[in-house]
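Student: First the structure, which I've put down as structure tokens, then a few questions once you've had a look.
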Amino acid sequence: MNKIILASQSPRRKQLLEWAEIPFEVVVSDSDELFPPGLSPDAIAIHIARKKAIAVQHKINTDAVVLAADTIVVLNENIIGKPVHREEAVSILYALSGEKHKVITGVVIKKGEKEIAFADITEVVFHELTVEQIEFYVDKYKPYDKAGAYAIQEWIGVVGIKSIHGDFYNVMGLPVSRVIQELEKM
């Protein structure tokens, strides 16, 4: 497989591509995460990923394959972003406790004008979490760069997740097996 450009500074996406042994280099996108009103959650994730891919395409000015992704968490039709501070992280995890939510990753792969775009959805159910568990996790792992205030591969995922339906790696930030299938098409 030819080297691709990963339009992300996410250490988790980088790690997943390394595990898949996909040759890549990172070029960080300078795009914002704003989106127009009225989009569905999967369309929002794709919209933001597309903005990242286009920003990197303009930055590198070559015909390289650019891979961009954006992950959002949806609870009861409400999008939950990245927490700004400790209190918000605790509040988010308290809201997710005992509930089912969706993790949606929008992926955009671009080479010149050619584009493949899709959203992958995984349902995650948390056990009822105690205040002590939530505060321990937030204080130790500081999940401020994570949509939904958690990382499935960290302590909270090991002890707090009751079930998942869908791609585990999508919850980490990139549905790698589907990305590989789509890269092979391109």
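A short reminder: the numbers here are calculations on the coordinates, not readings from a lab. In this text the structure is predicted, and so the values were computed from the model without any measurement. Methodologically, a virtual Cβ is constructed for each residue, glycine included, from the backbone with ideal geometry; neighbour enumeration extends over all protein chains shown.
Student: Please identify the chymotrypsin sites (Phe, Trp or Tyr not before Pro) of region 13-106 that satisfy two criteria: DSSP loop assignment and at most 15 other Cβ atoms within 10 Å. Which are they?
Tutor: Listed in order of number, the matching sites amount to none.
Student: What are the aspartates and glutamates whose alpha-carbon lies under 13 Å from the alpha-carbon of K140, with same-chain residues fewer than 8 places away excluded?
Tutor: The reachable aspartates and glutamates, counting only those whose Cα sits under 13 Å from K140, are E132, E154.
Student: Among residues other than V124 whose Cβ falls under 10 Å from its Cβ, what is the net charge (Lys/Arg +1, Asp/Glu -1)?
Tutor: Neighbourhood net charge equals +1.
Student: Using Cα springs under 10 Å in a Gaussian network model of the chain, which residue among R13, R50, R86 shows the largest mean-square fluctuation?
Tutor: Of R13, R50, R86, the most mobile in the Gaussian network model is R86.
Student: May I pose another question? Around V26, what is the net charge, scoring Lys/Arg as +1 and Asp/Glu as -1 over all other residues with Cβ under 13 Å from its Cβ? If you can, show how the numbers build up before the last one.
Tutor: Numbers: positive: K3, R12, R13, K14, K52, K59; negative: E18, E25.
In short, +4.
Student: About its Cα centre, what dipole magnitude does region 4-185 give when the only charges are +1 on Lys and Arg Cβ and -1 on Asp and Glu Cβ, stated in debye to the nearest 20? Before the final figure, lay out each step's value.
Tutor: Details: 20 positive and 26 negative charges, 65 e Å.
Here the size comes out at about 320 debye.
Student: Each residue of region 111-121 in turn: what ³J(HN,Hα) in whole Hz from Karplus with 6.51, -1.76, 1.60 and θ = phi - 60°, glycine and Pro shown as x?
Tutor: In residue order, the calculated couplings are 9, x, 8, 6, 9, 10, 9, 7, 10, 10, 10 Hz.
Student: Within the chain, which whole H helices from DSSP have a Cα span along their axis of at least 27 Å and a mean Kyte-Doolittle hydropathy of 0.0 or more, if any?
Tutor: Helices meeting the criterion: 41-60.
Student: What pairs from K14/K162; K82/K111; K59/K111; K3/K82; K82/K162; K14/K102 go past 25 Å between their alpha carbons?
Tutor: K14/K162; K82/K111; K3/K82
Student: Using a Gaussian network model on the chain with a 10 Å cutoff between Cα atoms, which of A64, A53, A147 fluctuates the most?
Tutor: Top of the fluctuation ranking is A64.
Student: While we're on this one: With a cap of 11 neighbouring Cβ atoms within 10 Å, and only residues DSSP puts in a loop, list the GluC sites (Glu not before Pro) found in region 14-63.
Tutor: Those that pass, being in a loop and sparsely packed, are E21.
Student: What net charge do the residues around A64 carry, taking every other residue with its C-beta under 10 Å from that of A64, with Lys and Arg at +1 and Asp and Glu at -1? If you can, show how the numbers build up before the last one.
Tutor: On the way: positive: K3, K110, K111; negative: E25, D63.
Residues near A64 contribute +1 overall.
Student: Enter the Cα centre distance for the pair region 26-78 and region 137-186, rounded to the nearest angstrom.
Tutor: Region 26-78 and region 137-186 have Cα centres spaced 17 Å from each other.
Student: What FRET efficiency comes out for Q15 versus S97 if R0 is 25 angstrom and r is the Cβ-Cβ distance? Round to the nearest 0.05. If you can, show how the numbers build up before the last one.
Tutor: Working: r = 27 Å, r/R0 = 1.08.
According to the calculation, E is roughly 0.40.
Student: Where is the GNM fluctuation largest for the chain (alpha-carbon springs, 10 angstrom cutoff): V131, V66, V108?
Tutor: Comparing V131, V66, V108 in a Gaussian network model of the chain, the most mobile one is V131.
Student: Counting other Cβ atoms within 10 Å, keep those with at most 15, restrict to DSSP loop, and tell me which GluC sites (Glu not before Pro) in region 108-137 are left.
Tutor: Qualifying residues, ordered by number: E113, E128.
Student: On alpha-carbon atoms, Rg over Rh for the chain using Kirkwood Rh?
Tutor: Rg/Rh: 0.98.
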